[in-house]
Amino acid sequence: MAQQGVQVISVEPGSLAEEAGIRPGDTLLEIHGEAVLDQLSYQYLVSREDEATLRVRRPDGSTFEAWVENGGEGIGVDLAQDEVRVCRQNCVFCFVHQMPKGFRKSLYLKDEDIRLSFLYGHFTTLSSSDDAELDRIVRERLSPIHVSVHATEPAARIRVVGNPREGDILRKIDRLLAGGIDVHTQAVVAPGLNDGAIWQRTLDDLWARRREGRGSVLSLSCVPVGLTAHRDGLPFVQDVDPAFAREWALRWKPEVRRLAAANDGEPWLLLADEWFTRAGLEVPGRAFYSRSWAQLENGVGLVRRFLEHSRRFLRSPRAQGFKGRRVLLLTGPSFAPTLSRVAAELNRAVGSQLRVVAAKNFSFGESVTVAGLLCGADLKYAAHADRDDQGGRADWVDAVAVPSSSLRTHTGPTDQYTLRGVVVREEGTFLDDLTLPQLATDLGVPTVPSGANLSHLLDHLEAADRGAFRGGALQSAFHTAGLNQPQGAYNP
C-alpha cells in the first residue's frame, strides 16, 4: 500500500498519454487525486470517470499534472509489472513448506495477493491485508474475493495458520461483507486439527453470513489436507486416509443437499473431488455441484464435469476421430480409475486403443496422487515403464497424453505480475523444469497435453498429426483449458 506510483514502460504513439506529455520512465503517481498503487488500481481509477486528472513524476524527481478526456478508457500506457505479495502465515500444512529441495525459486513463494485472488481465484488468508487494503478492496469493488478460512474459532485458526495475530478472520470478512464484497471461502481439513466441532462452527459462522444481494459468503469448500514425503522438521499433521475420507463424504454429502435447498437450489457447501476419490466412492451427480461450477479451480467438480462431457462426446460423431488411435494416457492415481472407465467405453464404441497408466509421484511422494503435481520425470518414468511392459518397441503407441494440469504456462488474462529475480519459463514446463518438447524427444512419439476433456484431447492429437506444435507457445496449437496459468514471471 506504500508504493509510490507505477512506472510507465512505454507510451503508445498518438495516445492520450503522449499528448499529455507522459514519457517512458515517468511514474504515474495519482489519478483523480488518488494514489496509483499498481496496474489494477490504474485500471479502476482511469475507468471511473470520462475525464482524468493525472499527476506524474519525471525521473529527475519533478512532477506535473495533466488532464485527459479519456471516456473511461485507458490512456495508452504500458506499466511496469507488479511484484507478487507474499504470505505472512505459517500454516502447519502449507504445501510450500513441504516442497523438495532443488526446484526453481518461484515454487517456494507463498503468494498472498488480493489482486490474484480477485483476477484468478487464488485463495488468500488475508494475512497481508491490513484495514487500508481491506478498504481498497471495497473501494475498487474487487469482488468476489477468495479467502482461506480453515477455522473461524480464533484459537483453532491460530494453531492452523501459525500466526497469533490472525485468529479473528471473521473481523476481516465482516468488513468486506459490510462493504458489499462477495467472498468465496475454503477450509483445508486435517483430522484432529480443524474437523469435528471446530469444522461445525466454521460451517455455521460462514453460513450465517450468506445473504441476499451484495456482501455475502457465496460458498464454502472443504478440501482434504495434502501432505508430501518432505515434512522433516515440520509439525505432525494427520493425513486423510481412505476411511476418514469415506466417513467425511458420507457425513457431509446430505448436508450439501440440505443447504442447497435452503439456498434456492444452488449448492453452497462444496466438497472437493478428493473426498470421493480418496475414499474410492463415485462422485455425485451434476446437481450436487454449483450451476456455475463455483470453485472448480479448487478441485470441486472437475471429475463430474469430465464425466458429463464424456457422456455427451461418446454419443457424438466426433468420437469417431479416435478410431484406430493407440494412445497412452498418463494421469495421477486419484483420477486413473475414472479415466480408465471412460477410455474403456470409448474403445468399445469406436475401436480405439486408449490405455491409462497411473504415474507414481516420486518427486513429492506417493501420498500425492493428484495429476497436477506430477513432475516431468515422474511422467517420463511411467511412459518408459509402460513401453518396457509392452515389449520395448519404439512405436509402442502413436502418442502419449500428459495431464494438462501438470504443465505451467504464463498465458492468461493479463501478464502483469512478477517475482523478483525470476526469469519467465517457456510455455509447457513441468514443475521440475522439464519441458513438453523435451519429453516428446525423449519418448520418440508425439506428446500432447490432455486438455480438459476428450474433445480437447482429440484436437491435440490432430494438431500433432499436422506437426503443428514444435515447441514455443502452447496456445498456438493446444487448448489452454486445464493448464496451470499463473501470470508473468510468477510461474510456479
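Each principal axis of the Cα cloud of region 162-302 was evaluated for its coordinate range; sorted largest first, these ranges are 45, 41, 26 Å.
Separation of region 75-106 from region 232-263 is 28 Å, based on Cα centroids. Its residue count N fixes a reference of 2.2 N^0.38 Å for region 124-209, and the Cα radius of gyration divided by that reference is 1.06.
Counting other beta carbons within 10 Å of each Cβ, put His384, His97 in order, fewest first.
Numbers: His384 13, His97 17.
With the sparsest Cβ surroundings first, the list reads His384, His97.
Taken over region 14-167, the ratio of Cα radius of gyration to 2.2 N^0.38 Å equals 1.30.
With a ≥ b ≥ c the root eigenvalues of the C-alpha gyration tensor of region 6-80, is it rounded (a/c under 1.5), prolate (a/b larger than b/c) or oblate?
Numbers: a/c = 1.39, a/b = 1.21, b/c = 1.15.
Since a/c stays below 1.5, the shape of region 6-80 is classed as rounded.
Provide the three semi-axes, in whole Å and in decreasing order, of the ellipsoid equivalent to region 97-242 as defined by the square roots of 5 times the Cα gyration tensor eigenvalues. Working shown, then result.
Details: eigenvalues 140, 75, 34 Å².
Working from the Cα gyration tensor, I get semi-axes of 26, 19, 13 Å.
The modelled label-to-label distance between Glu212 and Asn163, using points 7 Å beyond Cα along the C-beta direction, is 3.6 nm.
Note the direction-averaged projected area, equal to a quarter of the hull surface, for the Cα convex hull of the chain, in nm². Provide the component values of the computation, followed by the final result.
Numbers: hull surface 101.2 nm².
So the Cα hull casts an average projection of 25.3 nm².
Computed from the alpha carbon atoms alone, the convex hull of region 292-387 holds 103 Å³ per residue.
A cysteine counts as unpartnered when no other cysteine's C-beta lies under 4.7 Å of its own; in the chain this applies to Cys87, Cys222, Cys375.
For Leu307, the shell of other residues with beta-carbons less than 14 Å away shows a net charge of +3, using +1 for Lys and Arg and -1 for Asp and Glu. Here the simple spin-label model places points 7 Å from the Cα toward Cβ, and for Arg171 and Gln238 these points are separated by 3.1 nm.
Please report the net charge: other residues with Cβ closer than 12 Å to the Cβ of Val350, K and R +1, D and E -1. Present the calculation step by step, with values, prior to reporting the outcome.
Details: positive: Arg315, Arg318, Lys323, Arg325, Arg348; negative: Glu345.
Residues near Val350 contribute +4 overall.
Averaging 1/r across all pairs of distinct Cα atoms in region 240-282 and inverting the result yields a Kirkwood radius of 10.6 Å. For region 201-229, the residues whose amide N sits under 16 Å from a probe point set 7 Å from the Cα of Arg258 along the beta carbon direction are 201-208.
Using the alpha carbons of region 186-227, what is the convex hull volume per residue in cubic angstrom, as a whole number? The partial results should precede the final answer.
Working: hull volume 2.4 nm³, N = 42.
In region 186-227, the Cα hull volume divided by residue count equals 58 Å³.
As a rough guide to protection, the peptides 29-35, 88-94, 312-318 ranked by mean Cβ packing within 10 Å, highest first, stand as 88-94, 29-35, 312-318. The equivalent ellipsoid of region 66-139 has semi-axes of 32, 17, 9 Å, largest first, where each one is the square root of 5 times an eigenvalue of the Cα gyration tensor.
List Ile9, Ile198 from most exposed to least, where exposure is judged by having the fewest other Cβ atoms within 10 Å. Could you put the intermediate results ahead of the total?
Numbers: Ile9 12, Ile198 22.
Least crowded to most crowded, the residues run Ile9, Ile198.
What distance in nm lies between label points placed 7 Å from Cα along the C-beta direction at Arg201 and Glu247? Reported label-point gap for Arg201 and Glu247 is 2.1 nm. In terms of the mean number of neighbouring beta-carbon atoms within 10 Å, the peptides 350-357, 268-275, 246-253 order highest first as 268-275, 350-357, 246-253.
Overall, the ratio between the Cα radius of gyration of region 219-306 and 2.2 N^0.38 Å, rounded to two decimals, is 1.16.
Residues His122, His460, His309 in ascending order of nearby Cβ atoms (within 10 Å, fewest first): His309, His122, His460.
Can you tell me how region 228-364 classifies by the Cα gyration tensor, rounded, prolate or oblate, using a/c under 1.5 as the rounded cut? All intermediate terms of the calculation are to be shown ahead of the outcome.
Numbers: a/c = 2.61, a/b = 1.24, b/c = 2.10.
Because a/c hits 1.5 or more and a/b fails to exceed b/c, region 228-364 counts as oblate.
Report the Cα centroid-to-centroid distance between region 122-141 and region 155-193 in angstrom, as an integer. Centre-to-centre (Cα) distance: 13 Å.
Bear in mind these aren't lab numbers, they're just calculated from the coordinates by the rules spelled out. Bear in mind the structure is a predicted one, so any value in this text is a computation, not a measurement. Glycine gets a Cβ as well: all are built from the backbone with ideal geometry, and neighbour counts include every protein chain shown.
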